[in-house]
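Everything below concerns the one structure shown next.
What follows draws every value from the coordinates through simple rules; no lab data is involved. Bear in mind the structure is a predicted one, so any value in this text is a computation, not a measurement. Ideal geometry is used to build each Cβ from the backbone, glycine not excepted, and the neighbour counts take in all protein chains shown.
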Amino acid sequence: MAVTQMQIHTRGSANYWDCRTILKSAPTYTTDPDFAAGTLTFDLIEVQEGFTPHNGDEVKFQWDGVNVFFGYIFKCNYTSDEVFSCTAYDKTRYLKNQDSIVWPVSTVAQRFNTACAAAGIAHKVVYDSGYKLPTKVSDGVSYFQMLQEDVDTTKAEYGQASFIRDNFGTVELCAFPLPTSKQVPVIGDSSMATSWEYDRSIDDAANSVKIEKNSKDDSSKIGATATATGNTVSKWGKLQIVEKVTNDKMNKAQMQSKAKSRLKQTNIEAETMKVTTVGSLDFETGGTFVLKVQSLADIGIKSRVVTIGKCTQNFDPDNWTTDMEVSW
């Protein structure tokens, strides 16, 4: 296990620097499906040979001959011990660019293509639900924000999630979880897992959702409420949120439908599972595995297929580990 490429290139120059020998510590690579750019962090020793990393420099990183990261330096810190601490992002970082767009009726995939073209980044649609989104106006917000809203709406209405990732320089729209033809591995007490942490919370839950808008003359409010019919009210107490709509054309039935839709999303106990394993590039954001831990089974968390969300590869040649946040 080793870094087989750590190349930095200043765009527009003829110099390509092999930085493997001046890496001070193990690089860390993090990906997150929650509309955040893939991030590679690394430290370089200053060697006074004419090389200095700059913001905007291109970075290529390989581990054991496998292409892992292609992106650009966005942060560079230099300290008194003559070490450069750098943060590089993949091309999805350019989806943080802000813009104003009037969207026609279209799918997430069509809007993804438009946003990536406007950001000037290579892209590919791997998954397209085909679900048609209504017209909307995005005014002065990032492409990430525009697409996140559309992905969330498509998931709520169509039932299939998607996410955006960078595949070594090509930004892709993919299904979440990623489809696979491979046998799903079993990870747990006796297979690769070294530690884990499980958390349950209702801090952000709501079992009553009220949708409101002002009347045409602003003299009163028009509303619709959806309340859980199960046992969450008796178990948790009443947890209510209010969301306001500005669409004057939304009628009472539409508001009621929106309230019911939001209730499905909020009337849940949030569960967070973190797993650390022996390092492997088979673990990636959107991937799946079977989680089997006896002490979790003892409290009712039986063996189940989980999907990897945030994933961090800690590329230490002596102790390579993978940290994952998973969901089910």
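In table form, for the structure just shown:
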quantity: R0 of 41 Å, Cβ-Cβ distance Asp152-Leu281: FRET efficiency to nearest 0.05; calculated: 0.90
quantity: Compactness relative to 2.2 N^0.38 Å, alpha carbon Rg of region 120-263; calculated: 1.41
quantity: Ranked Lys210, Lys302, Lys238, criterion: other C-beta atoms within 10 Å, fewest first; calculated: Lys302, Lys238, Lys210
quantity: Sum of side-chain charges, Asn207 neighbourhood, beta-carbon under 13 Å (Lys, Arg +1; Asp, Glu -1); calculated: +4
quantity: Amide hydrogen neighbours beyond the local backbone of Thr4, cut-off 5 Å, H modeled; calculated: Gln62, Trp63, Asp64, Gly65
quantity: For Val186, distant residues with modelled amide H under 5 Å away; calculated: Val290
quantity: Which of Cys116, Cys19 has the fewest Cβ neighbours within 10 Å, and the rest in rising order; calculated: Cys19, Cys116
quantity: Cross-link partners of Lys96 among lysines (Cα-Cα below 21 Å; sequence separation of 8 or more within a chain); calculated: Lys75, Lys124, Lys136, Lys310
quantity: Per-residue HN-Hα couplings for region 305-312 [Karplus 6.51, -1.76, 1.60; θ = phi - 60°; Hz; x = Gly/Pro]; calculated: 7, 10, 10, 7, x, 5, 9, 10
quantity: Ratio Rg/Rh, restricted to region 107-202 and using Cα atoms, in which Rh is the Kirkwood radius; calculated: 1.08
quantity: Local electrostatic count at Glu243 - Lys and Arg +1, Asp and Glu -1, tallied over other residues with Cβ under 12 Å; calculated: +4
quantity: For region 208-266, average projected area of the Cα convex hull in nm²; calculated: 4.1 nm²
quantity: Ile202, Ile164 arranged by Cβ crowding within 10 Å, fewest neighbours leading; calculated: Ile202, Ile164
